[in-house]
Structure formats: structure tokens, C-alpha cells
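Reviewing the structure listed below.
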Amino acid sequence: MSRFVPGCHGVIVINVASGSYEQITKDLADDIDPQFIENSTQIIFASNRLSDTMRVEKVDDHDKIGKTYDLFVYDYKHKSNVLRRITNTKYENETSPAEISHNSFSYLSDRNGIVNRYASVYDSTIIAIDTVVHYRYTNNYKPVSNKRHSILHLNISKPQNKLTFNSRNRGRYVMQTEPIQNREHLPAILQPTYFRAIVDKKQQKTDSLEAVKQHKAKLERQRIDSIVANPPKNLIHPDSMKYDITNYYFEEEKSLAHQLIFYNEDLKARHINEKMERPTQRLYFTTFYTDYLVSQVDFSSLSQGYQPFTGGPYYFDPGASAFFKVGIKDLFEDYRLTAAFRIGGNLDSYEYYFSLENLRKRLDKQYVFHRNTYTTEDYAKVASNEVMFIASYPFSQVSAVKGTLGLRYDKAEPLVIDTYNLDQDQEYQVFAKAKAEYVFDNSRQITTNIPAGIRGKVWSELYQQLEGRYDIISSWGFDWRYYQPLHRCMIFAARVAGATSFGSGKILYYLGGVDNWTTFSSDISKRFDQSIRIDNEENYIYQAVGTNMRGFIQNCRNGNTFAVLNTELRLPLFRYIFNRPLSSKLINDFQVVGFFDAGSAWTGLIPGTDNAYNKFDLVDGPIRMIIDVERPSMVAGYGFGLRTSILGYFMRLDWAWGLEGHVILPRTFYFSLGLDF
């Protein structure tokens, strides 16, 4: 395709799969209407260049650019800088080239004053043979249309042997189709219009005046060179002459013999030191402007970091919250500032986030501060503060490595609601953090929530406690997703993810539920299974959820390791039926989804029976019994869902049935916001 760069158009080749492009021409000439020919080994295009050699001209080399367009062929296979000229006309424009067959082209030309279609056959003949063979190239052209109105656009379909063009007739645009090979008998030269004759006459007059001007300049240079080479013997230096105010010359009149001789060296020195007048250069001062402003209802946290382990079966979810986010960036998009704030619907939790990104060079740098505050079920106010430095280095347009260094401070302060909490001391912990991850993403969006390709990442983390027990937490994880188009906009999507933690401190993963999910209820039992036992003998320091596991609520299984497999069949129903994008966002994004999930969470290296959820605590007064139960380590779920966009929110509604062993559990409904899994 042809892309506009400051001052001209250039030919570029775009790789759609990788999202990259290769610039072919980089000079001052305007190159338009490029087309691949000869099985994509060559590119034919129209250009107003005068030379057939591609080079980077200087800023003032506009005399090397013509006023009309000719056709050229670029050898894309061998990347040659020498172009093959197809046409060489002085007053006519040739545009919209297309290949008909080998060395046979069709193009538009205004040769007779009206833009018509021409056919050209490019051929070569041998003119001499010595150590090499010498060729003479010829271009035989003829008109294949004689329209009354100029052709505006032309498109050729070789497989169908047809062409389509449009023109403007009496104020209306007309589109026509006809065979490529026109059987109409036309003269070799079309009768020029009155307008064409006037234009040619004016251009010929301009060229004649320019030729006379150049001839005079050539004679003047020869005269000056002869005087400089043979100066008169009685020539007086101007410095020894007295100025006569009644008889003097201006600077532009210094063409006299003595001025030409004695000022020659000075003029050369001045010419070397002379510089083209340029606008005054001014420094660019970084100026920011608003990039986006978001205010919406959301169900998720601002950061995907871990929560401090509460010591019991509880995981904090923000629920319906008011979310505000603003982003600003500078003119060159070298710096980006982001600020976000979230306040819970119960006004009991809040969260804010600040980020500064430096994108000037290939190594991107980001500085982040995040604070999250909420109240647990046992009436403790938990506040987490985290500062991070993130560096990202891309290998290509689809892959990169990231490194994170951070410091985290967590504090839990009991609320004074009774005498027991009054005697409790506040707890705090400080951890240093390091994280490395590899990210890959070559996916492309077909439509909303319908991608194609592969995306994923693997990561490893290390937490070091800086006080108290000096615990060390090591973890690693992965998340890979694959999207396979099946037919038109229907796709099959699969995801496999997992994580594990080890060391003197660990992370507890709760399996179940989906991301960004709400039940519109303050009853925690509707989203978190408190009957599943947690192994308190493990030194859990942080906790997280393992999703998606539809058919179950959170904590259907738990442990320091989890793994899930998610599969979906996504069908944008109305877009698939009509086979085109629809104007209504609600209808265009409406999707029917069938899914199947499977997963497990466990303690240790591999799933087994020695897990806390295989035991059940029964307490009756002073008597406590631990009952062994046989729960399968792996669970599964299946169901269907609906997706669509309403008021700017992409909503997900899922109905799922869980499979625990050979038992099908009652249906569970999920309402969540967000794309993908």
C-alpha cells in the first residue's frame, strides 16, 4: 500500500499477521497505487520521480521530482534500488497500474485530456552481444477505452477476467463492469480534447522558456570562467580604488572583471559557509493532555496482586464498586500518567492506583503505587501498600520480557467491637518482591471477544520478608490461550493456566468461580464455600483465586498449587447469520457460548488424598471430630452463556452445572463483566 509521510507518499508492505510493515521507498517522490505482480516478487506503482534509481535526496532536491506520474516496477524479491521504467511521458499522468499477464499491464492515462484505460506490453530485444548481452526495452501501448467522462477508479479481477471502474456523469457517480479484453476497435491515438491541446501548449511554452533560461546561464558561466582564467594585466584591485558615490555598483552587479577576479576566492568561502535559511529551532517542552477518562461500575480490584491471608476461609471481593480512572500522555507519547480510584458500594473499602510510564526508548519503564483497604469477616481493617518498578523489553511486535522490583507493606488492625478485639494487637508484614515474566501475543481481534491466534505468559516470583520470621515465598505460573476460527466469526477458545508456591511461606489458591463476578449480595456463603477445610499447619502468607471453574463457587478446592483447563465455543449469533458487522452494538456483540471447565487445587507436588479438603471438622460443644471424606481432587463444570455489550459494559451471563465425581451439582448462575475467560 501507499502511506503518507511528511512531504510525500511512500510504498510500504504490511505484514498483517505480525502487525509490522516494511518501507520500500523513502525519497521525496510521490509513489501511489502500488500493486504486487509476478507472484508477489515485484511491485508496480505510479511515481513522479525523474530518476529510476531510488536514493534519499536532500531536502532541497525538489528539482529531481517531476510534475506528472509514470509507471515503475520494483524488484521486491532481490531488493534492487534500480527501478524498471514502464512509461516515460512528459505531459501525461499514468496511474492505477495492474497486471493482466506476464509483462502486460493495464493503467489509466489522461493522454487525450480524458482519463481512459490503456494496455501496455513491455518487451525487450537484443541489440548487441559481446561479453554480455545488451537489450533494448520497448513499451507498446494502445488505448482500450474511449470514454466521454474520465475514469476515477479502476479495479481488475484476473480470476474473473473482469474489471470495475467508476466515473462521474452529470453530478452522479456511475460504476460499470466490463471484460478486461476490450473488443472495441479504437485508433492508436485518441483525438485530444480542446482542454488537452491548451494544457500541452502552455507546458511546451513553459519548457521553452526554461530551456532559454538554462542556455543563458550556461553562456554566463562560460564568460565568467574565461575571465577568471585569463584576467587582464591592468586590472586594479577594488581595495585600492576610491569610492565614487556618483558611480557605484550594488552587490548583485559585481559581474565586472575586477570583481570576478578578486572576489572569486571570497565568494567560494562565502558559498561554503552559507546555510539554507531555516525556521528558528525551538526546544520541545513535555506537554501533557488528557488521553481518556473513565467512570463506571466495576466488580474487580485495580491490581491483580495477592491478598494477605486472613487465617480462615475468606477471600475479599470488592463487589459492585464505583470506579474512576484518568490517563494523560504527552504529545509524542513518550510519557503516560494513569490515576485510578475505586470505592466499594458499601463505602467500607477503597483502592487507588498511580502509574508513571516512560516509553521513550525500546526499554519501557513504569513506576507504580497501589493501596487497597478493606474489612475482613472477623472485623479487621486490612491495608496493603505496594510500590513497584516494572521494566519491559520487547523482542518483537509479539513477544517481550518483563521484570518487576517492588516493596509491599501489609497491616491488619482489629476494629474495636468487643473486649476481645480490644486486646488484640495490630499485625504487619513487609516484603521485598522480584518478578520475571515472558509475554507472547500474536492474536488479532475479529470482533469483540472473538480473537484469533495465541497469547500467553509464564512468570516466576520471589518474596522476601524483611522483618519477623524472614520468610521466603517462591512461585511460578503460566497462562496460555489459543483461539481457532471455525467458520466465519465462530471460534473455539481454549485456556490452560496454573500456579504453584513453595518455600518457608506459601500462597493459598482458592479454586472456583470466575473473574470480575458479583452475586449482588453481602452474604459471603453465596460466593465462598466456608465448609471446605483449610490446612492451617501450612504457613500461608498470601491468598489468591484460581479461575475459571464454573459450576462451583470459590474454595471448592484449595492448596498451594492449582491448575485449570477452560474451553469455549463462541458464536456471535446475529453477526454470523447476517455475515456482516451490524450497527447496533447490542446486536453485533450478542454471543452464545458453550463451555467446559476442569481443574484442581492441592497441597504438595501432585494431587492426592492428603489434602485438607478431604477432612471435615465437626464441633459439638467441647467435642471436636475430624472426619475423613473422599472428595475427588479434580472437579469439572459445563454449561452455556450469553454475552453482549450494554451501555458500554461487556456483560457475561453463565449457567453452569458442576461435576464432582459422578454427581452433577445444582445449577450455578454467574454475572460478570469483562472480555475473554
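Each reported figure results from applying straightforward, stated rules to the coordinates on display, with no laboratory input. This structure is a prediction, so every number in the text was calculated from the model and none was measured. Every residue, glycine among them, receives a Cβ derived from its backbone with ideal geometry; neighbour counts consider all protein chains shown.
Quick notes on this structure:
- Dipole magnitude (debye, nearest 20) for the chain, charges at Cβ of Lys, Arg, Asp, Glu: 3600
- Tensor-based shape of segment 361-473 (alpha-carbon gyration tensor, a/c under 1.5 rounded, otherwise prolate or oblate): prolate
- Charge tally in the Cβ shell below 13 Å around residue 587, where Lys, Arg are +1 and Asp, Glu are -1, residue 587 excluded: +3
- The chain: C-alpha pair distances exceeding 41 Å, %: 55
- Along the chain, longest interval not containing exposed GluC sites (Glu not before Pro), exposed being DSSP loop plus at most 10 other Cβ atoms within 10 Å: 278-466
- Cross-link table 77/365; 365/585; 147/202; 79/402; 381/615, entries beyond 29 Å C-alpha to C-alpha: 77/365; 365/585; 79/402; 381/615
- Note on segment 593-668: Cα-Cα pairs beyond 14 Å make up 72% of the total pair count.
- Backbone N under 17 Å from the residue 393 label point (7 Å along Cα→Cβ), restricted to segment 424-447: 435-440
- For segment 600-606, the Karplus equation 6.51 cos²θ - 1.76 cosθ + 1.60, evaluated at θ = phi - 60°, returns couplings of 7, 9, 7, 10, x, 7, 10 Hz by residue, with Gly and Pro reported as x.
- Convex hull of segment 490-638 built on C-alpha atoms - directionally averaged projected area, nm²: 11.8
- Estimated vicinal HN-Hα couplings, Hz - segment 656-667 in sequence order (Karplus 6.51, -1.76, 1.60; Gly, Pro = x): 9, 10, x, 10, 10, x, 9, 10, 9, 7, x, 5
- In a fully extended conformation the segment linking residue 576 and residue 671 would gain 31.8 nm over its present Cα-Cα distance, using 0.36 nm per residue.
- Spin-label pair residue 452-residue 303: with each label point 7 Å from Cα along the Cα-Cβ axis, the two points sit 3.9 nm from one another.
- The convex hull built on the alpha-carbon positions of segment 533-582 has an orientation-averaged projected area of 5.8 nm².
- Rg/Rh for segment 79-156 stands at 1.06; both radii use Cα atoms, and Rh follows the Kirkwood definition.
- Semi-axis lengths, largest first, of the ellipsoid equivalent to segment 363-413 are 33, 11, 7 Å, with √(5λ) applied to each eigenvalue of the Cα gyration tensor.
- Centre separation in Å (Cα based) which lies between segment 81-104 and segment 493-558: 67
- For segment 448-509, with +1 on Lys and Arg beta carbons and -1 on Asp and Glu, the positive-most of 454, 464, 509 along the dipole: 454
- The distance separating the Cα centre of segment 619-646 from that of segment 597-613 comes to 13 Å.
- Summing charges over neighbours of residue 472, with a neighbour being any other residue whose Cβ is under 13 Å away from its Cβ, gives +1 when K and R count +1 and D and E count -1.
- Close amide H pairs (under 5 Å, H built 1.01 Å from N) link residue 24 with 11, 12, 13, residues at least 5 positions away or on another chain.
- Sites listed here are trypsin sites (Lys or Arg not before Pro) in segment 361-447 whose DSSP assignment is loop and whose Cβ has at most 13 other Cβ atoms within 10 Å: 361, 362.
- Relative contact order of segment 146-232: 16 percent, from C-alpha pairs under 8 Å at least 6 residues apart in sequence.
- Using all pairs of distinct alpha-carbon atoms, the Kirkwood hydrodynamic radius of segment 400-451 works out to 15.8 angstrom.
- Here the Debye sum runs over all C-alpha atoms of segment 43-192 as equal scatterers in vacuum, and log10 of I(q)/I(0) at q = 0.14, 0.16 Å⁻¹ comes out as -0.79, -0.98.
- Residues whose placed amide H lies under 5 Å from that of residue 37, excluding near-sequence neighbours: 42, 43, 44
- Backbone amide hydrogens, once placed in the peptide plane, bring residue 100 within less than 5 Å of 105, 106, excluding anything fewer than 5 places away on its chain.
- Each Lys and Arg adds +1 at its Cβ and each Asp and Glu adds -1 at its Cβ; summed about the Cα centre, segment 309-362 shows a dipole of about 300 debye.
- Length added when fully stretched, residue 193-residue 149, from 0.36 nm per residue minus Cα-Cα: 14.7 nm
- Comparing 40, 659, 608 along the charge dipole axis of the chain, the residue lying farthest to the positive side is 40, per the Cβ-charge model.
- Applying Stokes-Einstein at 37 °C and 0.692 mPa s to the Kirkwood radius of segment 412-562, computed over alpha-carbon pairs, gives a translational diffusion coefficient of 177 µm² s⁻¹.
- Computed from Cα positions, the angle between helix 194-229 and the longest principal axis of the chain comes to roughly 70 degrees.
- Nearest-ten-degree value, helix 264-273 long axis tilted from longest Cα axis of the chain: 20
- Taking a Cβ cut-off of under 9 Å around residue 371, the surrounding Lys, Arg, Asp and Glu residues balance to a net charge of -2, with basic ones at +1 and acidic ones at -1.
- Relative contact order [Cα under 8 Å, 6+ residues apart], the chain, whole percent: 6
- Rel. contact order, % - alpha carbon contacts under 8 angstrom, at least six apart, segment 310-445: 15
- Segment residue 223-residue 132, length gained on full extension (0.36 nm per residue, minus Cα span): 28.4 nm
- Along the axis of the charge dipole computed for the chain (Cβ charges of +1 for Lys and Arg, -1 for Asp and Glu, origin at the Cα centre), the listed residues 483, 373, 180 are led at the positive end by 180.
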